[in-house]
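Input: a single structure, listed below in structure tokens.
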Amino acid sequence: MSRDERAMSDDAPRPVSHEGGDVHEWGPLVDGLVARREQALGMGGPELVDRQHSLGKLTVRERLERLVDQGTFVEFGMLADHMDPGLGDRYLAADGCVTGVGDVDGRRVAIAAYDFTVMAGSMGAVGEDKVSRIRELALRQRIPMVWLLDSAGARISSQSGSTFAGMGALFREQVAMSGVVPMVAAMLGHCAAGTAYIPALADFVPMVKGTSSMALGGRHLVKAAVGEDVTEEEMGGSAVHTKVSGVADLEVADDDECLAVVRRYLSFFPSNNRERPPERPTDDPVDRRVDELHAIVPTAPRRAYDVRRVVTAIVDDGDVLWMKPDWAKNVVTALAHVGGAAVGIVANQPMVLGGALDVNAADKAARFVWLCDAFNIPLVFLHDVPGFVVGSAVEKQGIIRHGAKMLFAVSEATVPKISVVMRKSYGAGYFVMNGLAYEADYIVTWPTAEIAVMGPDGAVAIIHRRTLEAVPEEERATKRLELAEEIRRNIDPYVAAGHAKVDDVIDPAETRAAIARGLRVSRDKHVERPWRKHGVLPV
Amino acid sequence: MAEVRAEITANVWQVVAEEGQMVAEGDEIVILESMKMEIPVVTETPGVVREIHVQPEDVVQEGDLIAIIDES
């Protein structure tokens, strides 16, 4: 009987691990493996784990537990270490970055989660090899990629120097993934340089208030390079990036809220650009009348109201994920569902700048349209726009270039595009909000709609400038009003409907039903453009 | 002390608040008129209106000072 045969027969003596002689010595080997795993799960050690908690942050492994469905995380490279002779026998658990694949709502997601307790989550060679593998895997499997960022950036060692010449593939690869699979970068710590460009190239960037930041140069580098003495928070905290720069999408209170919002964001998206977004069943009837819109929206065209109340009223269950809600507030961008279908909503906000579009609003809307279009999420435009802001201030900011960017994004988008003209929709504002000529699949107006190249007062000033100059000065104001009234008579939704330049005029209460109709008729939309490498984007 | 500034080039249409008045966060100080719209300018700081620097029919540029609020 051979050794193997004896081991397999029931009456044979079992191999015993701690005795020598003619048995398999698996015990110490398995014990050694268990010890290594425990060491990896211990991250940077109890002291640094306590320190992480004392800052109000979760550890990388606690974060993963909250991000993925329970028990679904498959880790790649748990036993990684730095392998750098320069760092001697120091142990760096997982080399500072935990990578793997887990389920979010039953769908697989690739994850790279930096561990601040291990050498400040710095990007080491082995850790980055792991991230690179998981990124490639996300692309190959066509599943979303999520980064949990809590990292000081590149691991700078005295050996670094000009081997830098070969670095940087991570960003190029991330660019290649853009629009193929959804990418989320959650900001959970102070991130500089390398870990600030990752979110810049991702689709969705939530930031934890108080504990996270991003900046091209960290605090110490900034002091050395330009002499400025600022904190991470002042330079690149959530207040800066969600209210001023627009780099991040959402400010959240803590790690828990951050991870919950990542799950929520992904629920709107397909796993990749070849799939449709998942349907979300609802008991909210698609033909529900929205009578409250009569109370929310004033018929007086100059009077402001909060368009977010309109959005909340028309979507399924009033459930909305606002995107960049604290930046460029004159345009509202939001993810929601109508009749179970995911939609991206672009709405003018009359509460801020009268809803007029400026450089940041155009930027915000263009980016959102590109995002939805990339992942087959239909777009709904709610018009109440007096146009683009005009004047020397905005020209210096490049309003033409930014306006062109929004025009470009809306023109390019081939997803179903529905428009509801609630009140004003003037000039290029009407075009960039998906006017009929922009392959609008269904365009309806309310009885209050005003679609025209410009408002009556502006038109009078241009068309009748000479007429007015000829009138004695004391009569000019009256004459101006008269002429404006004449023009106003032609700015009427029934003129547009009479020419069949809009598909229907609806009662505001029918808005939800109309959007659902538009989504239904355009569901199988297919548009082919002439071949090109890519357009030349105004940015 | 908090400053309330214009966010857009506009005509001042109405001055809603008065100097010495108590205001809460989100209260309107003045209403501008620009881009065919009434644009309410609100205070983000609760307190007492110390000074109002504009009157109806004034033209304000983006960033111009409209009012000063003493924080409560």
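None of the figures in this text is laboratory data; all of them are computed from the coordinates on show. Quick caveat, the model's predicted, so the values are computed rather than measured. Don't worry about glycine lacking a Cβ; one is built from the backbone with ideal geometry, like all the others, and counts go over all protein chains shown.
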How large is the Kirkwood hydrodynamic radius of the protein assembly as shown, counting all unique pairs of alpha carbons, in Å?
27.5 Å
Computed from the beta carbon distance with a Förster radius of 22 Å, FRET efficiency for residue A:528 and residue A:273 to the nearest 0.05 stands at 0.85
Contact order normalised by length for region B:2-71, with contacts defined as Cα pairs under 8 Å and 6 or more residues apart; what percent is it?
44 percent
Output the relative contact order of chain A, whole-number percent, from Cα pairs under 8 angstrom with separation of 6+ residues.
9 percent
Full extension from residue A:501 to residue A:129: what is 0.36 nm times the residue separation minus their Cα-Cα distance, to one decimal in nm?
128.3 nm
Gain upon complete extension [residue A:490, residue A:239; 0.36 nm per residue less C-alpha separation]
85.8 nm
Can you tell me the length gained on complete extension of the stretch residue A:536 to residue A:53, counting 0.36 nm per residue apart and subtracting the Cα distance?
169.1 nm
Measure nothing but the geometry: give the 0 to 90° angle between the long axis through the Cα atoms of A:125-141 and the longest principal axis through the Cα atoms of chain A, rounded to 10°.
60 degrees
At R0 = 45 Å the Cβ-Cβ FRET efficiency linking residue A:171 and residue B:57, nearest 0.05, sits at 0.25
Using the Cα gyration tensor of region A:32-180, with a ≥ b ≥ c the square roots of its eigenvalues, what is the shape: rounded (a/c below 1.5), prolate (a/b larger than b/c) or oblate (neither)?
oblate
Computed E for residue A:178/residue A:72 - FRET, C-beta separation, R0 30 angstrom, nearest 0.05:
0.70
For labels at residue A:463 and residue A:30 in the simple 7 Å Cα→Cβ model, what's the distance in nm?
8.9 nm
Please give, to one decimal in nm, the separation of the simple spin-label points placed at residue A:401 and residue A:300, each 7 Å out from Cα toward the Cβ.
4.0 nm
Filtered hits (aspartates and glutamates, Cα-Cα < 19 Å from residue A:396, offset >= 8 within chain) -> A:358, A:363, B:7, B:62, B:64
Of all DSSP beta bridges with both partners in the protein assembly as shown, the antiparallel percent, nearest 5, is 55 percent
Measure nothing fancy, just the Cα-based angle from helix A:359-374's long axis to the longest principal axis of chain A, in degrees from 0 to 90, nearest 10.
60 degrees
Treat each spin label as a single point 7 Å out from the Cα along the C-beta direction, and report the residue A:477 to residue A:253 distance in nm.
5.3 nm
Residue-averaged 222 nm ellipticity for the protein assembly as shown, from DSSP H runs of 4+ at -39500 (n - 2.57), nearest 500:
-9500 deg cm²/dmol
